[in-house]
Structure formats: structure tokens, C-alpha cells
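The values are calculated or read from the model by the stated rules, or taken from the named source; none is laboratory data. Computed from a predicted model, the values in this text were never measured in an experiment. So basically every Cβ, Gly included, is an ideal-geometry build from the backbone, and we count neighbours across all protein chains shown. The area values use the complete protein model at the heavy-atom level, side chains included, leaving out ligands, DNA and RNA. Shrake-Rupley method; radii C 1.70, N 1.55, O 1.52, S 1.80 Å.
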Amino acid sequence: MTEATPPGAQQATPPGVQQAGAQQADAQQLLVRKAEQVSADLAAQDAGWQRGFTRRTFLAGAGMVGVAALGSQLVTTKAAYAASGLSNGNTLVTIFLRGAADGLRILVPASSELGVDYLRTVRGNLVPAAASMSPLAGTPGWALNAALNPLLPFWNSGELAFVPAVSTTGITRSHFQAQQCLERGSDTATTGWLDRALQQLGPGTTFRAVTQGSALPSALTGNQRKLVMSSLKNFSFPGWSGVAPQSEAAIRTLYRGLPGPLGEDVPTTLAALGTAATARAKAGAQNGAVYPSGNFSKALADLATLLRAEVGMQVATVDVGGWDTHTDEVNQLDRHLTSAANSLAAFLTDLGPARRSRVTVVVMTEFGRRVQMNANGGTDHGHGSVMWLLGGGLTGAAVHGKWTPLTAAALDSGDVPALNDAFDVLGEVAQKRLGVGSVTGLFPGHQFAPLNLAKTG
């Protein structure tokens, strides 16, 4: 039996806890002594340089190996930079729904004119009931899954549009192949289409291209400089805060005046960390925005903070996984849609009308799902998908592109046919919102045919 501690009485600290506390204190003292040693060595460096001391002999000195390693760590975190340059002030945010989201349950062809009667015969309860759909005014019968209702205000303000039946030449039903093809801008390119867009735009700021996540997406693969961050909170000088200022000073001094990539990238990295810290100090949702929980929401909140800080962001990417709904699609997909809609609505609200007028969001996925529901209440890999566009620079609330009313004869091997090309959507937004000029190099071999969904400027 365990004896209860009387109210107000302090419990005795267990021996194991005391030992852990002592070890932590020892570790902190050790770090302090190391930092002091670094400072002392730097003072010696200053004196050494005055006597012709070289970097090689300096690095060979006691206590410098750790600092040099820290510098290398900083510049290998995919934080690479360019000089300040020109921008038209607009930003393109691409959001990739990994796993192939089912477009037919997102943007529903809800009228007989669009093919809902056939859809009900092969999809069962995957076609939302009338009470679970929100008709889109001004269309011939398109409706949104009610899970996306948080986005309806932006339809009413002309800041939401869709393109159904989307794909491109060369797309297969392989997740990896389809994602690579869309993000590279062709099925043969070795760099990403966004990287080539950055090349055409010319030099930009440190934050010109930002990826929120743990890995660089294929769309940004290439030689152009970009920044990958798991979160704005974590984009800070590494190490314990008690010695971070001393360590940062050590790194700054160690690489000052040094020729070559390290001499350029380390000071720029430190400057970027300072910019991020300034932006982070002003973080916090504005205009009454309420972000839901989740990594996607946090990523968008970070982007909003950077956009408000006017750091020169031209391109940003965010990945969201979990859209491969082979089973129980109604619950799985609607749960994801609810989270995505609340996150996007918070992001747009947070920016406010003036700031988001310079931000265009494109939501895409690698391919659509089969039209017919499978035996597990889900759908298998299909073809034509749907793209969403949100924010500023759109020509208005609309469902763009071609559509053939769904019938058995109208399908492409059981799938929604590809009537609209994803590269036309991406190319038009890049051309009109970012000002990239010709999109021929962005999508090699593709005959560009804009859909009049975006405005120039």
C-alpha cells in the first residue's frame, strides 16, 4: 500500500531524481566552460590573425573542432541563399495532397447535367447526400463536400476556384511516378518545375523559396537556392539556449572574411536566423483566425508569419499525407477535408484581404480515384483529379476547364478522363502571378493552353 502525502506537505525527492538533476547541472556547467573556452580561443584567434595566423592553424587549435563542426552543420541543413533581388511581391503556395485525394467526393458533379445520376449507381454512399453538399452558386450544378464549408466565404468573395478532370500526359497509377511527373514538370525532366521557375525569376532573398516539412519536394529539386524548415520555431541556432549566443558569436567570428562557400553561407545563415527570429517574435494569428491542431495547420501558420514579415517569399510548398483512401473513404476523406478546410480558412483569414491579395494557393494531388466504389467502402487508383485555387489573383469564383457528363461511355477505362492539363493550371499561375515569362522551359514538351483562371499583376 502506498501512503498518501498530507495536503501541503512536500514529498521527498527520490534518489534517482536527485542524481538526474545533478547530472543535468554538471552538463550545463560543462557547456558553460566550453563556451568560455571558445571565447578565449577566439580572442587568441584575433591576436593570431594580427600576426598572420591562418585558418588552418586556427582550426588545429584545441577546442575549435566542435565549433567548426557546428558551422558545417549549419550550412548542410539545406539552408542556402542568394543575394537580394527583384520580386513582383506575389507568392505562390503549392500544397500537395500525397496519396491521391478523391476529387469526385471533394468537388461533386451534383446535377443530372453533370452526371450525378450515373455516379449514384456506381458510388453508393461515396456520393454525399444533398444535406452534406453545398451548391456552388453560378455553376451548372457543382457542389462542395460540406466538410469544405469553412472555405465557402472565399467562394463568395471570388477567392476560390476549382479545375476538375485534371491530369497530364505520362501520368500512371503509381503514386511515386505520378508525383515525380507532376513535380518535375514532365516525365523526363531531372529538376523540379518550381526550381526552373526560380531560375527564370532571377536572384531573390534568402526566403524566396521555402519548404515547410522535413524533406525537399521534387518540385524544388535543382540548383536554385531554397530553404527547408521543419518549423519556424525550430529554425534557430542549434544547442542549449544558455550557450547559444556565445556559440553563435564564435561561429560568426570563425568564418568572417573566409573566401569560398563557407565564408558566404555561414554569415548568410546567421542573418537568416536573425530574420526568422524577428518574424517569430511577431507570430500569432490575426484577424480572428483560429488554426486547428495538426502539422498542416502549423505549417500554414508559419507561412503566414513569414508572409506578414515581408521576407521576399516567392514560392512555398507544403506536403500533406494520408489521402490514399482504399477503405472507409467516407470517414477517412471527410476527416482530412475538415482539417484541410479549417487550416486553409485560418491561413487566408490570418493574412487578411490586403496581404492575401498577393498570395495564390494551389492545392493538387497526383491523380484521382476510380469512379466506382470498391468492396471496402473506398476507391482505388484512378486518373482525373481536381485542383483547388485559393487567395488572390484569381479571375473569380468558378469551376474552370472542360467536363464531360459522367456516363459509363464517358469514362476512361473506368476513370474520370483527363480533360484539363495540370501544367496549364500551374503554368498560368506562375506566368501571371509570379511573372516568370515563358513557361516552355517549366514544362518541357507541353503545349501551353491557359484556362483564364488567374489575373496578371
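Out of the residues in segment 322-340 that are touching a Ser or Thr at 6+ places or on another chain (Cβ under 8 Å) and in a loop (DSSP other than H, G, I, E, B), state the one that is surrounded by the most Cβ atoms within 10 Å (Cβ to Cβ). Result: 325.
Filtering segment 177-200 for residues that are more than 26 Å from residue 383 (Cα to Cα) and surrounded by fewer than 19 Cβ atoms within 10 Å (Cβ to Cβ) leaves a non-empty set. In summary, residue 291 fulfils each of the numbered conditions (1) open to solvent by 30 Å² or more (accessible area, probe 1.4 Å); (2) of a type outside the set (D, E, K, R); (3) in contact with a His (Cβ under 7 Å, 6 or more places away or on another chain) with the single exception of condition (3). Restricting attention to segment 137-173, the residues being under 18 Å from residue 100 (Cα atoms) and within 23 Å of the chain's Cα centre (by Cα) number 9. Among the residues of segment 219-241, the ones that are modelled with pLDDT under 70 and either over 29 Å from residue 299 (Cβ atoms) or hydrophobic (A, V, I, L, M, F, W, C) (or both) come to 1 in all. Among the residues making up segment 89-118, those that are out of contact with any Ser or Thr (no Cβ under 6 Å at 6 or more places or on another chain), under 22 Å from residue 338 (Cβ atoms) and either assigned to a strand (DSSP E or B) or hydrophobic (A, V, I, L, M, F, W, C) (or both) are 93, 95, 96, 104, 106, 107, 108, 109, 110. Can you tell me which of 360, 349 is within 30 Å of residue 89 (Cβ to Cβ), assigned to a strand (DSSP E or B) and touching a residue at least 40 places away in the same chain (Cβ under 8 Å)? Criteria check complete, one pass: 360. Taking the listed residues 440, 395, the one that is more than 23 Å from residue 190 (Cα to Cα) and either open to solvent by 40 Å² or more (accessible area, probe 1.4 Å) or in contact with a His (Cβ under 6 Å, 6 or more places away or on another chain) (or both) is 395, with no other qualifying. When the residues of segment 303-321 are filtered to those that are closer than 22 Å to residue 201 by Cα and free of Cβ contacts under 8 Å to residues at least 60 places away in the same chain, which remaining residue is surrounded by the most Cβ atoms within 10 Å (Cβ to Cβ)? Looking at residues that are closer than 22 Å to residue 201 by Cα and free of Cβ contacts under 8 Å to residues at least 60 places away in the same chain, I get 309. Pairing each residue of segment 179-197 that is under 16 Å from residue 421 (Cα atoms) with any residue that is of a type in the set (Phe, Trp, Tyr) and assigned to a loop (DSSP other than H, G, I, E, B), provided the two are 6+ apart or on different chains, yields C-beta distances under 8 Å for 185/443; 186/443; 193/443.
Could you tell me whether residue 433 is in contact (Cβ under 8 Å) with a residue 40 or more places away in the chain, open to solvent by 10 Å² or more (accessible area, probe 1.4 Å), in a helix (DSSP H, G or I) and touching a helix residue (DSSP H, G or I) at 6+ places or on another chain (Cβ under 8 Å)? No. Somewhere in segment 158-167, is a residue surrounded by 23 or more Cβ atoms within 10 Å (Cβ to Cβ), in a loop (DSSP other than H, G, I, E, B) and at pLDDT below 95? No, every residue in segment 158-167 fails to be surrounded by 23 or more Cβ atoms within 10 Å (Cβ to Cβ), in a loop (DSSP other than H, G, I, E, B) and at pLDDT below 95. Regarding residue 102, is this residue open to solvent by 20 Å² or more (accessible area, probe 1.4 Å) and of a type in the set (D, E, K, R)? Here the answer is no, as residue 102 does not meet what is asked.
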